[in-house]
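One structure is given below, encoded as structure tokens.
Bear in mind that the values in this text are calculations on the coordinates, not laboratory data. Keep in mind the model is a prediction, meaning the values are calculated, not measured. Positions of Cβ are generated from backbone atoms using ideal geometry, with glycine treated the same way; all protein chains shown enter the neighbour counts.
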Amino acid sequence: MSQLRTDIEAHWPEIRRVCRGVYRSSLHFSIATVNTDGTPHVSPIGSLRLLKDCRATYFEIFTQQMPANLAAGSRVCVQAVNSSKLLWLGALWNGRFASPPGVRLLGTAGALRTATEEERAWWRRRVKPFRRMKGFEGMWGDRQLAQVRELHFDAFRPINLGEIVAGHWQ
């Protein structure tokens, strides 16, 4: 298992770079919470936005179980894995990843709050390339982007894939 790292501030710029690649390849992140019976619950979240100070926000649009889980306990784990086939084939060919292929972020979820106009504009820019597709209206067209939830990260775990990722996160 990868070692828990609490020096997240020192690595935040690299974490944000990794997460940009994750979104380009996967269009979502996975956020884990704990159900009231103690079982894990994982939700795909496409609107996660990493900010500059070990925080993130996301629009709580499609989540159903997560709000109840967060009301009972606010700890979260965000898993971000770049699934680009070129990245993985290159690493397998060269015997090592040129940059980290992913990361797990551990933190606490805050309360829902009203989204700012800047946050809503950011999301509209992010989904704009899909606006002419049939599924756009059904997914985002008439959604009220009213509330975001903040996440505050205090630690991270590198994705462990053996020696192929060695040397990252020094």
Checklist outcome for this item: Listed residues Arg104, Arg55, Arg131; largest mean-square fluctuation, Gaussian network over the chain with Cα springs below 10 Å, found at Arg131
Item to check | Environment charge of His152, counting only residues whose C-beta is closer than 10 Å and scoring Lys/Arg +1, Asp/Glu -1 | outcome: -2
Item to check | Amide hydrogen neighbours beyond the local backbone of Ala115, cut-off 5 Å, H modeled | outcome: Gln147, Val148
Checklist entry - Tell me, what HN-Hα J-couplings in whole Hz come from the Karplus equation 6.51 cos²θ - 1.76 cosθ + 1.60 at θ = phi - 60° for each residue of segment 150-167, using x for Gly and Pro? => result 8, 10, 10, 9, 10, 7, 8, 10, x, 6, 9, 10, x, 5, 5, 10, 4, x
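Just want the ordering: Asp53, Asp154, from fewest to most Cβ atoms lying within 10 Å of their own Cβ.
On the way: Asp53 9, Asp154 13.
Result, fewest neighbours first: Asp53, Asp154.
Quick check for me: using +1 on Lys/Arg Cβ and -1 on Asp/Glu Cβ, what's the dipole size of the chain about its Cα centre, in debye to the nearest 20? Spell out each step's value before the answer.
On the way: 24 positive and 14 negative charges, 146 e Å.
Computed about the Cα centre, the dipole is about 700 debye.
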Item to check | For segment 33-50, 3J(HN,Hα) per residue [Karplus equation, 6.51 cos²θ - 1.76 cosθ + 1.60, θ = phi - 60°, Hz, x = Gly/Pro] | outcome: 10, 10, 5, 5, 8, x, 7, x, 9, 10, 10, x, 10, x, 9, 5, 10, 7
Next on the checklist: Using amide H atoms built in the peptide plane, which far-off residues or other-chain residues are under 5 Å from Leu48 H to H?
Outcome noted: Phe29
Checklist outcome for this item: Once phi for every residue in segment 107-122 is put through the Karplus expression 6.51 cos²θ - 1.76 cosθ + 1.60 (θ = phi - 60°), the whole-Hz ³J(HN,Hα) values, with Gly and Pro written as x, are x, 10, 8, x, 6, 5, 9, 5, 6, 7, 5, 5, 5, 5, 5, 4
Next on the checklist: Given the options Phe153, Val103, Trp88, identify the residue whose Cα lies farthest towards the positive end of the charge dipole of the chain (+1 on Cβ of Lys, Arg; -1 on Cβ of Asp, Glu).
Outcome noted: Trp88
Item to check | Top of Gly138, Gly95, Gly110 by mean-square fluctuation, Gaussian network on the chain, Cα under 10 Å | outcome: Gly138
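Answer rounded, prolate or oblate for segment 83-126, using the Cα gyration tensor with square roots of eigenvalues a ≥ b ≥ c: rounded when a/c is under 1.5, else prolate when a/b is larger than b/c, else oblate.
Numbers: a/c = 5.52, a/b = 2.15, b/c = 2.56.
Judged from the Cα gyration tensor, segment 83-126 comes out oblate (a/c at least 1.5, b/c at or above a/b).
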Next on the checklist: Using alpha carbons only, how many angstrom separate the centre of segment 81-157 from the centre of segment 31-47?
Outcome noted: 16
Checklist outcome for this item: Mean separation of Cα contacts under 8 Å (at least 6 apart) over the residue count of the chain, i.e. the relative contact order in percent, is 31
Checklist outcome for this item: Which residues qualify? For Asn35, with a placed amide H closer than 5 Å and at least 5 residues away or on another chain, they are His41
Next on the checklist: Could you identify which residue out of Leu27, Leu112, Leu89 has the top mean-square fluctuation in a GNM of the chain using Cα springs shorter than 10 Å?
Outcome noted: Leu89
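In square nanometres, what is the average projected area of the Cα convex hull of segment 97-170?
Values: hull surface 30.7 nm².
Here the figure is 7.7 nm², rounded to one decimal.
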Checklist entry - For the chain, max minus min Cα coordinate along each principal axis, in Å, sorted largest first? => result 47, 39, 30
